[in-house]
Amino acid sequence: MIGGGIIFVIGDCLLYCYKGYSDLGIDPLWIEVDEWRFVLSAWLGFAGMILMLPAFYSYYKMIEETCGKVLRTLASFMAIGVAATGFLHFALGSLLPITYKSIISSGGTAEVAYAVAEHWQGILAPLDMVLIAFLFLGYITHFAAVVSGKTGLPRIMCLVGPVGTVILGIIWKVAFRDTVVAGAWGACESMGEALVFLTTSIYWRKKQR
């Protein structure tokens, strides 16, 4: 689970750590960034997803064992977001810059490259938002399950994911400073998700005692 989060963060570093100004949009400075970074980031996104799936299964079993029908249903929908994280990583971060650079390297103009990337963005953005909403069900179900006391975990653990994401984001910004484009502020969300799954590991260990 943590391994999947770390892989996501490495992939995000490849996407966002350069002197640009993109906010998950179209950045003309993509042309100055080596294409292999975007390609490798996409592969890392799928690798991270594969490692996250077993962690989600363990998380869902915890919710199924301790919580009622509403939280079980919400957690099951979360599976859609987890299973799609590889696609999200590719669509949100890699597809647009790869498309942009491919058009220009094939002799197209920057204007045409921008128009095509903008068209892709319009198609993908609604789907991306829906899948991200499914992912955030992890935070919601985790918060409700821990605060209710049904999992037996310390209630302070309800903040592990959100607070961990913020702290990692601050560390990210300090470490990379002016080489981090605006989109990187949300890039540590996957690591926050991994921290939520970490509390599941604590739950099962306590149960085995």
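The values are calculated or read from the model by the stated rules, or taken from the named source; none is laboratory data. Computed from a prediction, not measured in an experiment: that's the story for all the values here. Neighbour counts are summed over all protein chains in view; Cβ atoms, including those assigned to glycine, are modelled from backbone coordinates with ideal geometry.
Here is the figure for the range 54-78: residues that are closer than 30 Å to residue 13 by Cα and buried (at least 17 other Cβ atoms within 10 Å of the Cβ) total 6. Restricting the range 17-38 to residues that are at pLDDT 75 or above, part of a loop (DSSP other than H, G, I, E, B) and acidic (Asp, Glu), the residue that is surrounded by the most Cβ atoms within 10 Å (Cβ to Cβ) is 27.
Of all residues in the range 103-131, those satisfying the criterion of being of a type outside the set (A, V, I, L, M) and part of a helix (DSSP H, G or I) are 105, 111, 114, 118, 119, 120, 121, 122, 126, 128. Would you tally the residues in the range 102-137 being under 25 Å from residue 14 (Cβ atoms), modelled with pLDDT under 90 and either hydrophobic (A, V, I, L, M, F, W, C) or touching an Asp or Glu at 6+ places or on another chain (Cβ under 6 Å) (or both)? Residues that pass the stated criteria total 13.
Within the range 41-78, if we keep just the residues that are touching a helix residue (DSSP H, G or I) at 6+ places or on another chain (Cβ under 6 Å) and without any contact (Cβ under 8 Å) to a residue 24 or more places away in the chain, the residue that is nearest to residue 196 (Cα to Cα) turns out to be 60.
Applying the condition of being in contact (Cβ under 8 Å) with a residue 60 or more places away in the chain and among the β-branched types (Val, Ile, Thr) to the range 25-40 and asking which residue is farthest from residue 199 (Cα to Cα) yields 31. Looking at 134, 176, just one residue is in a helix (DSSP H, G or I), under 18 Å from the mean Cα position of the chain (by Cα), under 29 Å from residue 26 (Cα atoms) and among the aromatic types (Phe, Trp, Tyr), and that residue is 134.
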